[in-house]
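Below you'll find the structure, written out as structure tokens, and then a few comments.
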Amino acid sequence: MGDELRARKDAGLVKPTDTTYYSELVCNWKCGLGGKCKNYHITQPFIFCYTESNSSHHQFISNGKIQAWSKAVRKGITTPLNSPPAVRRQWDTALQRTLQQQEEQSNQLAGGGKWSVQGQVPKAGKKQQS
């Protein structure tokens, strides 16, 4: 449906509005994973996620973000396939935070977390008493 709207707009049959772009964004970014997506909630039958082609990370797109994105498209700031810079910065920050938390959890599970020393450490050159 997004292609159809774009073709009608390009042909001059439709005056682009926020609603036009909103509909296109909803069609483009509906999450195909459904209940398997980390952003899925039973109260929301349809979810929208932004994903990079080379990444498996899904960034949830709220209704407010879709509305802001559609306004940015209408104003020529961005396109339906590229998120607005402000939204992109929020997602990048959230993604970095998630990746950092995953790395910290992985390090803790692998025993690579911060080392805690309990008791006394023997000094070099002295034999340890048994």
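The values are calculated or read from the model by the stated rules, or taken from the named source; none is laboratory data. Computed from a prediction, not measured in an experiment: that's the story for all the values here. For neighbour counting, all protein chains shown are included, and Cβ atoms are generated from backbone atoms with ideal geometry for every residue, glycine included.
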Residue count, the stretch 47-65, condition touching a residue at least 24 places away in the same chain (Cβ under 8 Å) and surrounded by fewer than 18 Cβ atoms within 10 Å (Cβ to Cβ), comes to 1
Filtering the stretch 1-46 down to residues that are surrounded by 15 or more Cβ atoms within 10 Å (Cβ to Cβ) and at pLDDT below 70 yields 2, 5, 6, 9, 16, 18
Among the residues of the stretch 84-121, the number that are in a loop (DSSP other than H, G, I, E, B) and either loosely packed, with under 10 Cβ neighbours inside 10 Å or at pLDDT 85 or above (or both) is 11
